[in-house]
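Values in this text are rule-based calculations from the coordinates and carry no lab data. Just so you know, these numbers come straight off a predicted model, no measurement behind them. Positions of Cβ are generated from backbone atoms using ideal geometry, with glycine treated the same way; all protein chains shown enter the neighbour counts.
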């Protein structure tokens, strides 16, 4: 396996572009080489298989879409109320919107995972890890609502991201005065998260 | 355009299979012909273009995934409380789980819509129509919660369906004792829908 880390990242990012633009079926080593502008055969020196490439795309998107630790630290200085939960969700929405291509590639990965058992196992583990981390973070930060709150919030925000990043017009103005997804985030948090802290529901 | 309605439906259903199994990029007239077991060239007699085929797949899935009017009528005899909202959501989950292939094809359509402006317009209209219908149904039936409740519930259930139908292991047991998506539907409804009827929030 070739080891130039910058080239590896460039190839993985090229894979993300191909996934989002062409769909999973378009993701071949040859398409990745073309997208990255490198000689044919380069990708096959960096990835042992297509599943290996998909796993590395997953890891890369994890880091591309990760929160900025400084932003998180600043937010954690605020009172631990519902408004702070909304602020975290705004940050998540902003990251996914900024890296629209990356998020669409994640959705392609989900669909590809229904067809490839190896990817299904590794991707389930990775998404489950994110959800458990979110639950643990919420708990440790002393934010209002228990594990049930976080799980339902996770699902509603997943639904919002899927809708907003694929068919944004569906949600536009469906509630009077709510024409931007940020306003919908506020409504979601108001409906799901209790105002003050409640004991974790386990 | 050829007009045999049964053959048209068989071709559209073959398109759904191809979409779910191969992804949007695999959806060609030739693949549809092969899946339906008809001579090459048949699909091109039934659809004016690939966008036309995608529109007809959308319409067909709408009817495949539609609720059974008798089930709805029976449910509407019950008291208009939160448990009834949960019963409607259970019915929705059961339909999507039963027609797993159809639901995966809908997710493929979302991603394909990000690449094809014509599909994007028609599919946005169709999904928006479903959401408006759900809001109107909730209102007319006198179910608890206003439009905001229905919208947030719609997003949480969309998130649940996406997760459950692509990576079911992510949610399995994430809340203690909740190992089936049906139990998660109950938690979602409990968190989002008020117990009794409240005035519509507009």
Just the Cα atoms of segment B:1-121, one point each, no solvent: what log10 I(q)/I(0) does Debye give at q = 0.18, 0.21 Å⁻¹?
-0.91, -1.10
Label distances, nm, residue A:44 versus same residue in remaining copies, Cβ-directed 7 Å point
3.3
How big is the C-alpha Rg of segment A:5-57 next to the rule-of-thumb value 2.2 N^0.38 Å, as a ratio?
0.95
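Going by how many other Cβ atoms sit within 10 Å of their own, how do A:137, B:29, B:88 line up, fewest first? Intermediate values should be presented prior to the final figure.
On the way: A:137 15, B:29 20, B:88 23.
Ascending number of Cβ neighbours within 10 Å: A:137, B:29, B:88.
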Using label points projected 7 Å from each Cα along Cα→Cβ, tell me how many nm separate residue A:52 and residue A:125, to one decimal.
1.7 nm
Cα convex hull of the protein assembly as shown: how many Å³ per residue?
153 Å³
Mean residue ellipticity (222 nm) of chain A, computed from DSSP H runs ≥ 4 via -39,500 (n - 2.57), nearest 500
-22500 deg cm²/dmol
Label residue B:132 and residue A:100 with points 7 Å out from Cα along Cα→Cβ: what is the distance between them in nm?
2.4 nm
Under a point spin-label approximation (7 Å from Cα along Cα-to-Cβ), what is the residue B:75-residue B:172 distance to one decimal in nm?
2.7 nm
Picking from A:66, A:36, A:87, which is most flexible by a Gaussian network model of chain A using Cα springs under 10 Å?
A:66
When each copy gets a label point 7 Å from Cα toward the beta-carbon at residue B:5, what are the spacings between them in nm, shortest first?
6.5
Between residue A:180 and residue A:83, what FRET efficiency follows from the Cβ-Cβ distance if R0 is 22 Å, with the result rounded to 0.05?
0.80
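Which FRET efficiency value, to the nearest 0.05, is calculated for residue B:9 and residue A:2 with the Förster distance at 56 angstrom and r the Cβ-Cβ distance?
My answer for the efficiency is 0.65.
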Could you check which residue among B:48, B:151, B:166 shows the biggest mean-square fluctuation in a GNM of chain B with a 10 Å Cα cutoff?
B:48
Tell me the angle of helix B:100-113 to the major Cα principal axis of chain B, expressed in degrees between 0 and 90 and rounded to the nearest ten.
80 degrees
Dimensionless Rg over Rh [chain A; C-alpha; Kirkwood]:
1.02
Go ahead and set up a Gaussian network model of chain B, Cα springs under 10 Å, then flag whichever of B:96, B:156, B:121 fluctuates most.
B:121
Principal axis lengths of segment A:91-202 from Cα atoms, whole Å, largest first?
43, 36, 20
Using alpha carbon centroids, what distance separates segment A:141-162 and segment B:134-160, in Å?
18 Å
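Could you list A:163, B:182 in order of exposure, starting from the residue whose Cβ has the fewest other Cβ atoms within 10 Å?
Details: A:163 23, B:182 14.
So the residues, fewest neighbours to most, are B:182, A:163.
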